[in-house]
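Taking it in order: structure first as structure tokens, then the write-up.
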């Protein structure tokens, strides 16, 4: 890529991040270390239909921050500015308190992780720090960093969690964090619990870590991606700021253009069963879409 094209692509990524970011009042990242856990869960919110949006693939909660899908593709959760929605049936339904869920990752059938800000009327500290759900996103308890960290991006790996709250941090359990000495400022992080590999999209290009976020290396041959998601230990999907979809069969080392979203993305996830095809879900400015062929083609969610 020429220097001029690279600069233009970086500006496009910065503009895209301005769209996908969330502004909320209260504290942002702060402090030197994040340790010590406090308890206190959320009660489940009342179920209900999503806010109006695209007729075939409504955008719930006003703004989508993250997606989490089960390996078999049967469950899809959508984290938004106004709570977590279950979109498994195609029509998103609110299942949590109406908090602002950032950095949303994990397994809908296992453990989910998030960060963000308390909803209107909540007495929880702002930001909420790292929170965890063991019941499919309905209730959440504090793991660490309450009132300290707003993780805009998180990744689950075989070695634990990697997060970015203005600092690049890693933790084996979610209870205490270690700052990483690396010049990497992720726009988004991508990981998978079956591998220690972590992908980080940045304005400088794609970076990868082979050891759960301890060491980082640039991937100069990669396209400038806004999102990168690992479907398993080897297969990954990435999306550029203008919605072009790429796939990788070697955990992000090399990439092949496979399709287009047709709109700018605000969230991305991918999943696959062993030996099965890669499925991809994306939240775009036009609605929620899904792909059953690794990102080559997309259709409205539930369409």
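Every number here is computed from the coordinates shown, using simple stated rules; none is lab data. Here the structure is a predicted model, which is why all the values come from computation and not from measurement. Backbone-built Cβ (ideal geometry, glycine too); neighbour counts: all protein chains shown.
Quick look at the values:
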item: Cα-based convex hull volume of region 102-233 per residue, rounded to whole Å³; result: 101 Å³
item: Quotient of C-alpha Rg and 2.2 N^0.38 Å, computed over region 90-161; result: 1.07
item: Convex hull of Cα atoms in region 180-234, direction-averaged projection (nm²); result: 3.5 nm²
item: Angstrom value of the Kirkwood radius, inverse mean 1/r, which spans all Cα pairs in region 224-265; result: 10.0 Å
item: Cβ crowding within 10 Å averaged over residues, with 178-185, 114-121, 69-76 ranked highest first; result: 114-121, 69-76, 178-185
item: Label point distance in nm, residue 242-residue 120, each placed 7 Å from Cα along Cα→Cβ; result: 3.9 nm
